[in-house]
1. Placing +1 at every Lys and Arg Cβ and -1 at every Asp and Glu Cβ, with all other atoms neutral, what dipole size does segment 120-220 have around its Cα centre, in debye to the nearest 20?
2. Hey, any idea what % of the chain's accessible area is carbon plus sulfur with a 1.4 Å probe?
3. In nm, to one decimal, how far is the modelled label at residue 7 from the one at residue 57, with both set 7 Å along Cα→Cβ?
4. Evaluate E = 1/(1 + (r/R0)^6) for residue 562 and residue 82, where r is the Cβ-Cβ distance and R0 equals 41 Å; express this FRET efficiency to the nearest 0.05.
5. Karplus couplings for segment 31-40 from phi (6.51 cos²θ - 1.76 cosθ + 1.60, θ = phi - 60°), rounded to Hz, Gly and Pro as x?
6. Cα centroids of segment 214-278 and segment 75-112: how far apart, whole angstrom?
7. Counting pairs of alpha carbon atoms under 8 Å apart in space and at least six apart in sequence, what relative contact order in percent does the chain give?
8. Give the residue from 600, 468, 503 lying farthest towards the positive end of the charge dipole for the chain; charges sit on Cβ (+1 for Lys and Arg, -1 for Asp and Glu) and the dipole is referred to the Cα centre.
Amino acid sequence: MTTETLTLTTAQAIIKWLENQYIDVDGEVLRVCGGGFGIFGHGNVTCLGEALYDTRDALPLYRGQNEQSMGFAAAGYAKQWLRQRFMFCTASAGPGTSNLLTAAALAHANRLPMLLLCGDTFLTRLPDPVLQQMENFNDPTFGVNDAFKPATRYWDRITHPAQVIQSLPAALATMLDPADCGPAFLGLPQDVQGWTYDYPAVFFEKTVHRIRRQSPDAGEIADAVACLKAAKRPMIIAGGGVQYSRAVAELTTFAEAHQIPVVETIAGRANLLDTHPLNIGPIGVTGSDSANAIAEQADVIVAVGTRLQDFTTGSWTAFAQDAQFISINAARHDAAKHRSLPVVGDAKLSLIEMTSALKDYRAPDAWVATAQDERKKWVAYVADNVAYADNRPNSYAQAIGVVNALCDKRDRIVAAAGGLPAEVTANWRTLDTGTVDVEFGFSCMGYEIAGAWGARIAQSEREPDRDTISFCGDGSYLMLNSDIYSSVLTGKKLIILVLDNGGFAVINKLQNNTGNESFNNLIADCPTVPAPFTVDFEAHAASMGANAETVSNPAELAEAFKRAQAADKTSVIVMNVDAYDGWTTEGHAWWEVGTPHVTTSQKVRDAHLDWESSRSRQRKGV
């Protein structure tokens with residue numbers, strides 16, 4: 001019996017295999033890999049580039065301007081597709097690949113699929129040391145690519161063409177695993193990329209994948225139900241995993257059937273509509289007074305699809321010391337945190353079983369009424385906070401209010417770093433589910449524009465008539481802005497709000513709140529800057545082909561936003577905001593940051609004592 005084979009290079013085999021992997025998304029069969037982002041160099045252009053050219057229609061390749069931003073774009077794409085599809089990133093050996101490290105860490109922290117196909121040094125070592133090789137004198141196998149091991153969920157170096165028969169399915173299985181999802185890295189030595197092997201033809205047959213839904217254990221469901229039935233003040237924390245499980249409807253049904261108030265994490269924003277009567281608001285450090293008020297009183301907390309990050313838990317001061325957690329999560333690691341009763345399983349299936357098993361249980365009416373009264377007060381605060389008045393300085397909240405009032409309910413909102421994630425989380429009124437991407441797992445400056453570009457690529461595949469809107473500070477813009485050019489080049493329209501407060505204003509605020517003097521955050525406070533000046537963001541954005549304009553106040557912003565909506569290409573709208581006044585001052589929980597225990601400054605000493613005074617409320621690992 002003979003087996004049909006295909007003689008291919010390693011690079012050709014990788015791309016041909018990717019081209020034939022599909023996924024069932026709500027009954028529609030699509031390629032699981034939507035294409036890729038690439039910057040070619042000597043380490044990937046000759047072999048991988050050759051293979052990609054032949055599949056340029058099936059796997060479209062977007063030319064990057066910066067490797068890090070390519071990775072951010074891939075993350076934005078995966079988020080928009082709720083981890084059901086991914087993009088690859090390819091970079092040359094050396095600095096091209098190392099530039100992807102931050103993006104890999106972002107994908108790892110956010111549990112997002114991303115395939116990294118990166119050049120590596122020659123396996124034979126005959127030409128060593130080669131261009132851009134980092135030599136390790138004690139271990140010649142140890143190079144730059146090994147830095148990705150802690151920042152990826154799957155890592156391999158392809159040392160023989162046959163190896164991809166095992167490595168590619170393992171990488172894809174990792175990226176599609178709801179518990180272990182994250183970036184996969186394949187190091188591709190430059191010589192091995194071009195070596196050939198007689199691959200079994202069946203390896204390249206069309207394969208349709210599905211994301212596994214893990215049923216919860218009956219015993220864990222029983223324990224959780226028994227605990228919840230005894231609750232007098234139950235609360236649900238809805239995280240980003242609810243959306244990845246496509247369990248928004250089941251969450252809503254569960255909450256409504258048992259009248260349990262729901263609060264949202266940053267990643268879980270847009271699980272419930274703003275107007276839903278059981279939506280009590282965002283929780284935590286950048287949350288709402290309403291959510292934090294009921295969190296302090298809750299006796300049983302059902303955490304669904306959340307890793308309970310410190311901004312959610314207020315560094316574990318947001319809850320009563322004796323509150324019992326029930327954690328529903330596909331990942332065992334997350335489900336067992338802080339002595340939770342674990343329910344390890346898919347959120348959708350777990351919520352269905354919990355809803356059935358709880359039967360007629362309903363939270364006490366008085367508790368629900370208390371939560372809803374708190375929510376009413378928060379809604380009133382937000383309405384005033386986002387309102388424009390001539391006697392108030394321009395603020396993030398006002399800009400958010402303008403966009404919220406004018407955007408379509410299906411438009412995609414993107415934010416990531418600085419003060420804007422907190423302001424969007426606190427002030428954004430969700431118009432439709434699954435429409436908000438606040439990247440706060442890694443909170444990476446520069447994601448705002450690059451991630452929005454990736455999100456827009458994904459959005460254009462399903463909702464081409466909708467907009468992707470990025471809230472970006474001046475600091476993030478200066479760090480990584482080149483995908484404005486990418487968006488114009490590729491016809492993937494963005495609306496970008498650049499809100500300029502003269503530097504890293506939110507860290508300046510933290511600096512001041514801990515008793516320190518303003519130093520090296522705002523441009524005006526940098527001792528090595530003799531004559532501070534502002535960047536002409538409008539001219540810079542226009543030079544990259546975007547429509548660009550500068551506005552003076554929120555009223556002008558509204559008119560500019562309407563013009564951006566009507567435009568057929570990327571628009572950048574610049575508005576100055578105050579660095580000191582206009583911040584959202586309510587809705588905060590305690591956050592643990594390191595403060596000096598010894599100092600010559602009385603202000604710093606007083607701030608340290610004040611900060612530490614809240615530590616007594618911290619749940620210490622329980």
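The values are calculated or read from the model by the stated rules, or taken from the named source; none is laboratory data. Predicted, not measured: the structure shown is a model, and the values here were computed from it. Here the Cβ positions follow ideal geometry from the backbone for every residue, glycine too, while neighbour counts run over all protein chains shown. Just the protein is used for accessible areas: all its heavy atoms, side chains included, with ligands, DNA and RNA removed. Shrake-Rupley method; radii C 1.70, N 1.55, O 1.52, S 1.80 Å.
1. Numbers: 8 positive and 13 negative charges, 70 e Å.
Value, rounded to 20: 340 debye.
2. Values: 12730 of 24490 Å².
In the chain, the share of accessible area belonging to carbon and sulfur is 52 percent.
3. My value for the distance between the label points is 2.7 nm.
4. Details: r = 30 Å, r/R0 = 0.74.
Using R0 = 41 Å, I get an efficiency of 0.85.
5. The phi angles translate into 4, 5, 9, x, x, x, 10, x, 10, 8 Hz.
6. Between the Cα centre of segment 214-278 and that of segment 75-112, the gap is 30 Å.
7. Numbers: 1360 pairs, mean separation 82.9, N = 622.
Here the relative contact order equals 13 percent.
8. 468
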